[in-house]
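Written out below as structure tokens is the structure these notes cover.
The values are calculated or read from the model by the stated rules, or taken from the named source; none is laboratory data. Because the structure is predicted, anything quoted here is derived from the model rather than measured. Positions of Cβ are backbone-derived with ideal geometry, glycine not excepted, and every protein chain shown enters the neighbour counts. What goes into the accessible areas is simple: the full protein's heavy atoms, side chains included, and nothing from ligands, DNA or RNA. Shrake-Rupley method; radii C 1.70, N 1.55, O 1.52, S 1.80 Å.
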Amino acid sequence: MLNRVAALGKVTLDAIAGAGAALFMLMRALFGKPQLRKSWPLLMQQMYSVGVLSLLIIVVSGLFIGMVLGLQGYTILVDFGAEQSLGPMVALSLLRELGPVVTALLFAGRAGSALTAEIGLMKATEQLSSLEMMGVDPLRRVISPRFWAGFYSMPILALVFSAVGIYGGYLVGVRWLGVDDGAFWSVMQSNVEWGQDILNGVIKSLVFAFVVTWIALHKGYQCTPTSVGISRATTSTVVTASLAVLGLDFVLTALMFG
Amino acid sequence: MRQVENSALDDALVVIDNLHFAHSFGAHQVYRNLSMRVPRGKITAVMGPSGIGKTTLLRLIGAQLYPQQGSIEFAGHNVHQLNRRDLYELRKRMSMLFQSGALFTDMTVYDNIAFPLREHSQLPEEIIDTIVKMKLEAVGLRGARDLMPAELSGGMARRAALARAIALDPELILYDEPFAGQDPISMGVIVKLIKELNASLGLTSIVVTHDIAEVMTIADYVYILADKQVVGHGTPAQLKQSDDPLIHQFLHGEADGPVPFHYAAASLEDDLLGSDHA
């Protein structure tokens, strides 16, 4: 019994220490003196590797999800003679929910896992230690540009996802199933609001970007520098980030639309 | 502990005093009451059996780890009492050659060596280019400057890392097992480089190793660590003449002696027959 209490205590202390270390890492990475001359090229390089290289999976997934929404929406709406509402249905689903959430999940799987593995390998091969010994703060040189790249990239990727998804819905609904072209766009335009729908989606995306990138970087930075340690950290990034995104999505949806 | 007087120790660049260090909140004590003086401008070898914590010592000197007690001074500064900014400033005056080389895998050899210069100096690229070529020439890798670290052999990677380590002309270089895993030719090259660079650049070097034969040929002073502390120190000649059984065992690579062949365990009889066999 006493052992179980001790084990519970250890788990709790480890969790608090882990959260403290993650917060400490984030603070030091983000609130140092900015050096634009050095930071800008690093940020661009990371935006390319985190953002641009994620484009393909985002575009392909967005297209298919939009097409599925168009098909499913049409089969339901046509029963009520409301197929002209297909446009807003597809657009609102994507802008409010699926765009930010699915992008965050895909981002965690593609870019998040890559970030964790990269930082973990840098740790295992002593590259982070060598930076420290050179008098270069790895949090500023390695963590900070990756964090900002993830933070800026994900909302843009989510918007791309939603735009491509809407086009996918249009392809299926209008070009294949024969919904009126003008009605599809005009009803969508009159039902989608800038602040309530688009802006809230972007805010969600920013929150997810913050959390997913933070988790990915922290897991890499704190991982055990062995092959097993890196593998566990990478898996943990995807699992933790995905659960965090889904949980936060409910909270944010309740706050925004509840 | 064997005390060997040596006047060179009076002018020490690194002074370690009564150091106590344990990993993971005291679960495993690494050092107890460790004291050392590293003479300025000399090559100091730190030797000891595997697992004694030699690499840990280098990380303590670089303030990547913090001791529970005791102090380490580098050029008169207590490295563990500096704030973060001052510590990073101080680290520009020291350098470490990691066992793995620790080259940045996404940069060419040239960019790896230019990296500390670009980070810490405002020098124009033409001057950085000249310095990088000179450092590469010093380690014999000027022709390999456009290669990626993955294209280098183990020995070449270590030489490239050495060129990077001397890029900022540090006062102190910490070598972590520089000879480990090297073929005889690479090993000879690295021995020669450590000796020559130390003399030509006026460096102070700390070489952590258990390759006795190699390091004894270039070291000016040697510390032998065992059982969480210094068990002997002196010049290579003084240590070779030592009659201390532990130093003798270590220098001659004897399997059994004061450092036992067997890891601490219950008696074989108890283990095989069970503790209640009597």
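In a residue-by-residue description of region B:76-87, the property of being more than 11 Å from every other protein chain (Cβ to nearest Cβ) and buried (at least 18 other Cβ atoms within 10 Å of the Cβ) applies to at least one position. Restricting the search to helices (runs of 4 or more DSSP H) fully inside region A:110-210 and requiring at least 1 residues that are more than 14 Å from chain B (Cβ to nearest Cβ) gives A:113-124, A:144-170, A:181-191. Mind listing just one residue for me: the one in region A:72-83 that is surrounded by fewer than 17 Cβ atoms within 10 Å (Cβ to Cβ) and either in a helix (DSSP H, G or I) or not aliphatic (A, V, I, L, M) (or both) and, of those, modelled with the lowest pLDDT? The selected residue is A:Gly81. Looking across A:Trp194, A:Trp185, one residue alone is in contact (Cβ under 8 Å) with a residue 24 or more places away in the chain, more than 19 Å from the chain's Cα centre (by Cα) and open to solvent by 50 Å² or more (accessible area, probe 1.4 Å). It is A:Trp185.
The lone criterion from (1) away from chain A (no Cβ under 12 Å); (2) crowded, with 18+ Cβ neighbours inside 10 Å left unmet by B:Ser71 is number (2). Scanning region B:89-104 for residues that are at the interface with chain A (Cβ under 8 Å from one of its Cβ atoms), of a type in the set (D, E, K, R) and part of a loop (DSSP other than H, G, I, E, B) gives a single hit, B:Lys92. Remark: B:Met107 matches the filter, which requires a residue to be more than 30 Å from B:Arg37 (Cβ to Cβ), within 12 Å of another protein chain (Cβ to nearest Cβ), not β-branched (Val, Ile, Thr) and not in a helix (DSSP H, G or I).
Among the residues of region B:172-195, those identified as farther than 12 Å from B:Asp211 by Cβ and open to solvent by 50 Å² or more (accessible area, probe 1.4 Å) are B:Asp183, B:Ile185, B:Lys192, B:Lys195.
When region B:115-154 is filtered for residues that are open to solvent by 60 Å² or more (accessible area, probe 1.4 Å), farther than 25 Å from B:Asn198 by Cβ and among the acidic types (Asp, Glu), the ones remaining, listed by number, are B:Glu125, B:Glu126, B:Asp146, B:Glu151. If the requirement is being open to solvent by less than 40 Å² (accessible area, probe 1.4 Å) and among the hydrophobic types (A, V, I, L, M, F, W, C), which of these qualifies: A:Val207, A:Val238, A:Val228, A:Val245? The unique qualifying residue is A:Val245.
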